[in-house]
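Asker: My questions will all concern the structure given below.
The values are calculated or read from the model by the stated rules, or taken from the named source; none is laboratory data. Given the structure is predicted, the values throughout are model-derived calculations rather than measurements. As a convention, Cβ positions derive from the backbone with ideal geometry for all residues, glycine included, and neighbour counts pool all protein chains shown.
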Amino acid sequence: MISDWAFIGIFLFLSIFFPLVPILAGVLLGPHKPGRVKAQTYECGIETRGPSHIQFRASYYLYALVFLIFDVEVVFLFPWAVAYGKFPLYAAVEGVLFILLLGAGLIYAWRKGGLAWQ
Amino acid sequence: MTVEQILFLAFAVVGLGLAVASVALRDLVRSAFALIGSLFVVAAFYATLDASLLAAAQVVVYIGAIATLIVLVVMLTRHELQDRSPQAHRYWPVAALLGAIVFAGIAWGLSQYVFFNAAPPSLPAGDAVAALGAALVDPARFLIPFEAVSVLLLSALIGAVLVAGGSKEK
Amino acid sequence: MGDLFTAITNLLRGLLLGAGVPAASVPWIFAVARAFVLGVSGLTLVIFLIWFERKAVARMQDRIGPNRVGPYGLLQTVADMLKLLVKEDVVPPRGDRILFHLAPILAVMGVVGLWAVIPVTATAYGVDLNVGVLYLVAAGTLGTLGILMAGWSSDNKFALLGAFRTVAQLVSYEVPTVLALLVPVILAGTMSLNGIVSAQGAMWFVFSAPLAAAAFLLASLAEVARAPFELLEAESEIVAGFHIEYSGIRFGMFFAAEFLHAFTIGAMLAVLFLGGWQGPGAEQFPTLGAIYFAVKTFFCYFLLVWARATFPRIRIDQMLNFCWTVLTPMMLTLICAVVLVNRALADSTILLRTAALLGANILVGFSTLALFGRRMRRPRPRPRASAGVEGERIA
């Protein structure tokens, strides 16, 4: 029996080829007629105007950041969720305290308008 | 050379290459993705050591959250951060030599430690995740750091909202 | 004959050993074979899934759907895939080549990788990771990265805009998804998916925590960017979003990845909340468990298709506000409630515990909706005068 992660490694390595083979087949089977118009950026059928960058918006950054905080929180909550059942009730309360502290942070971010899509 | 050693060396070479690429590439977005690749190699190291929770957490937190944040910010601000200066310093061979000497010194110093050739300690039997959870919840062990982490995350959240702003809610 | 997969495995092992293959490499050969079967069957299943969705949506819209190519239109998807294969492969010349080629591969890897840990029966699965649930979350992040890569390397401001908004949506809805994933772990006491399925032998978790199942369904719908959350991919909106510049089979890979992801969400819902392969007689005959699993997964996939055909598209600000101000507080409160009730009643019968948990779910659901739901009905604030797409200034 091989170890768990060895299988995951093999699986992920093989799954690189599952999309690669059809894409290679597409490259081989399709015509190759590059043209000036084909190489242009697509902008709803009209001529391209202006450089290709967009306006910065604080919402993107804030959503990613709040997601990061909650992601770290959940990584801590998973071992707790596995183990709380073998302890008396105080273990459950400790986790609830953890969650409530972060819930307070969420409410703070909400009240300050950080979570609104501008 | 056992299979584990070959695997470790292969991962190490790939990881080091990606890390060097992350520092040396001129295109910021490509170097951000090279950073993601090297983080993935670290997760692969954790997996070869059977540290399942750490490997999964590395991908979930580092690659899924932190690296996404970095890539997002790099893509949004790239035009303000255009760097036209050459990537290599004029005296980079001297710096490389100094770096190699420091590395050799540290490697020699580490090899003099007792634990360098010792066998790794055997892991306790049973599920590692349950053991970690039990340790986090036990008041005699890691309960205070567990709750302190939530306070730390709370302060990070407050700081982020204060710095990045947001309009005032009514 | 009850355990088909183990029987086939033993037969193959006998064949290999008889052919002189060293016994040490047999597990490796099996691992490669398992990975291959899981991946290829997933991707070929997509052909059937697309047909199923088109037919179901068509019937719900009182029309027939594809019925020309093959009996009942079954070969329609095959024809579509063949058409995509022979289209010209246009690569944007000014974009980032390496990232452009890598993006569809990451998108497919992120979805196929999920099938490594999903237990089809008690004995047929890729691998039983002891951190299976966290692995499901980890594999999902690959898809998000693929989207960012695709949007960036297309050298197209609409693609980039679409990619950013898609990532904002995905990242926001990841929070309730992961919080909802905590609930089966709490109820089962283990993160391994096989353990979670085994723990549902007495009572499926959908009865103990229906709110978590509903939240997982909603949040995963948004994770896959399917209707009604498909604002960023719909043709009438931002013209295909992050995969505008992808043509031919490259686009086909994104398309297939999205459908397979929706089906995988159905499978995850079945495994985590509907008991996976559990059912009458599944213990003695594991093959029966595979049938139960397939039925439950297709039922959940049908729910997703039904949602697509029924609901109008949701605006992005409504979407994100709903996620952060309703779903996330609801899930946080639900976790606290489930943990406390489950621990307090740990020694009582399963029926009493389930009833108490169900009551807690209903309580949390109604109170959260009452407290926070009223804000969702506010009309949208008027956009500024110089508006581009949804008020966004395109520089």
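Asker: Taking interchain pairs and intrachain pairs at least six residues apart, which have beta carbon atoms under 8 angstrom, with the first residue in the range C:200-216 and not assigned by TED's automatic domain parsing to the domain that holds C:LEU272 and the second modelled with pLDDT of 90 or more?
Answerer: none
Asker: Looking at the range B:63-75, which of the residues that are without any contact (Cβ under 8 Å) to a residue 40 or more places away in the chain and more than 15 Å from A:PHE70 (Cβ to Cβ) is farthest from the other protein chains (Cβ to nearest Cβ)?
Answerer: B:ILE70
Asker: Is it fair to say C:LYS83 is part of a helix (DSSP H, G or I) and away from chain B (no Cβ under 12 Å)?
Answerer: Judged against the criteria, C:LYS83 is a match.
Asker: Restricting the range C:328-352 to residues that are over 29 Å from the mean Cα position of the chain (by Cα) and more than 10 Å from chain A (Cβ to nearest Cβ), which is surrounded by the fewest Cβ atoms within 10 Å (Cβ to Cβ)?
Answerer: Ranking the candidates gives C:ASP347 first.
Asker: A further question follows. Given C:ALA290, C:ALA309, which one is crowded, with 19+ Cβ neighbours inside 10 Å, outside any loop (DSSP other than H, G, I, E, B) and more than 10 Å from chain A (Cβ to nearest Cβ)?
Answerer: Within the list C:ALA290, C:ALA309, the selection yields C:ALA290.
Asker: Another question about this same structure. Only residues that are within 28 Å of A:ALA104 (Cβ to Cβ) and of a type in the set (Ser, Thr, Tyr): list them for the range C:306-358, please.
Answerer: Hits for the range C:306-358 are C:THR325, C:THR328, C:THR333.
Asker: Can you tell me which residue is surrounded by the most Cβ atoms within 10 Å (Cβ to Cβ) among those in the range C:2-17 that are of a type outside the set (A, V, I, L, M) and closer than 19 Å to C:ALA282 by Cβ?
Answerer: Within the range C:2-17, the match that is surrounded by the most Cβ atoms within 10 Å (Cβ to Cβ) is C:ASP3.
Asker: Which of the following residues is of a type in the set (Phe, Trp, Tyr), facing chain B (nearest Cβ under 9 Å) and part of a helix (DSSP H, G or I): C:PHE164, C:PHE158?
Answerer: Matching residue, one of C:PHE164, C:PHE158: C:PHE164.
Here is a yes/no grid of residues against (1) under 24 Å from C:TYR301 (Cβ atoms); (2) part of a helix (DSSP H, G or I); (3) more than 21 Å from the chain's Cα centre (by Cα); (4) not small (Gly, Ala, Ser):
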position: C:VAL171; (1), (2), (3), (4): no, yes, no, yes
position: C:PRO176; (1), (2), (3), (4): yes, yes, no, yes
position: C:PRO184; (1), (2), (3), (4): yes, yes, no, yes
position: C:GLY195; (1), (2), (3), (4): no, yes, no, no
position: C:VAL206; (1), (2), (3), (4): yes, yes, no, yes
position: C:LEU221; (1), (2), (3), (4): yes, yes, no, yes
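Asker: Filter the range A:17-38 down to residues that are small (Gly, Ala, Ser) and within 7 Å of chain C (Cβ to nearest Cβ) and give me whichever is nearest to C:ALA35 (Cα to Cα).
Answerer: A:ALA25
Asker: Another one. Please go through the range A:100-118 and pick out each residue that is within 8 Å of chain B (Cβ to nearest Cβ) and in a helix (DSSP H, G or I).
Answerer: Answer for the range A:100-118, where residues must be within 8 Å of chain B (Cβ to nearest Cβ) and in a helix (DSSP H, G or I): A:LEU101, A:LEU102, A:ALA104, A:GLY105, A:LEU106, A:TYR108, A:ALA109, A:TRP110, A:ARG111.
Asker: Would you check which residues across the range B:95-131 are within 13 Å of chain A (Cβ to nearest Cβ) and modelled with pLDDT of 90 or more and list them?
Answerer: none
Asker: Further question on the same structure: Determine whether C:ALA282 is more than 30 Å from C:VAL86 (Cβ to Cβ), of a type in the set (A, V, I, L, M), at pLDDT below 85 and assigned by TED's automatic domain parsing to the domain that holds C:PRO92.
Answerer: yes
Asker: I need the full set of residues from the range C:183-203 which are more than 10 Å from chain A (Cβ to nearest Cβ), within 19 Å of C:ALA215 (Cβ to Cβ) and not aliphatic (A, V, I, L, M), in order please.
Answerer: C:GLN200
Asker: Which of the residues spanning the range A:75-89 are at the interface with chain B (Cβ under 8 Å from one of its Cβ atoms) and either farther than 15 Å from C:LEU332 by Cβ or of a type outside the set (Gly, Ala, Ser) (or both)?
Answerer: Across the range A:75-89, the qualifying residues are A:VAL75, A:PHE76, A:PHE78, A:PRO79, A:TRP80, A:VAL82, A:ALA83, A:TYR84, A:LYS86, A:PHE87.
Asker: For the range C:109-142, enumerate the residues that are within 9 Å of chain B (Cβ to nearest Cβ) and without any contact (Cβ under 8 Å) to a residue 60 or more places away in the chain.
Answerer: Scanning the range C:109-142 gives C:LEU134, C:TYR135, C:VAL137, C:ALA138, C:ALA139, C:THR141, C:LEU142.
Asker: Let me ask you something else. Could you please tell me which pairs satisfy a Cβ distance under 6 Å, a separation of 6+ or placement on different chains, a first residue in the range A:3-30 that is among the aliphatic types (A, V, I, L, M), and a second residue that is not in a helix (DSSP H, G or I)?
Answerer: A:VAL27/C:ASP89; A:LEU29/C:VAL86
Asker: With C:PRO66, C:PRO92, C:PRO119 as the choices, which residue is at pLDDT below 85 and not aliphatic (A, V, I, L, M)?
Answerer: Of the residues listed, the single one that is at pLDDT below 85 and not aliphatic (A, V, I, L, M) is C:PRO92.
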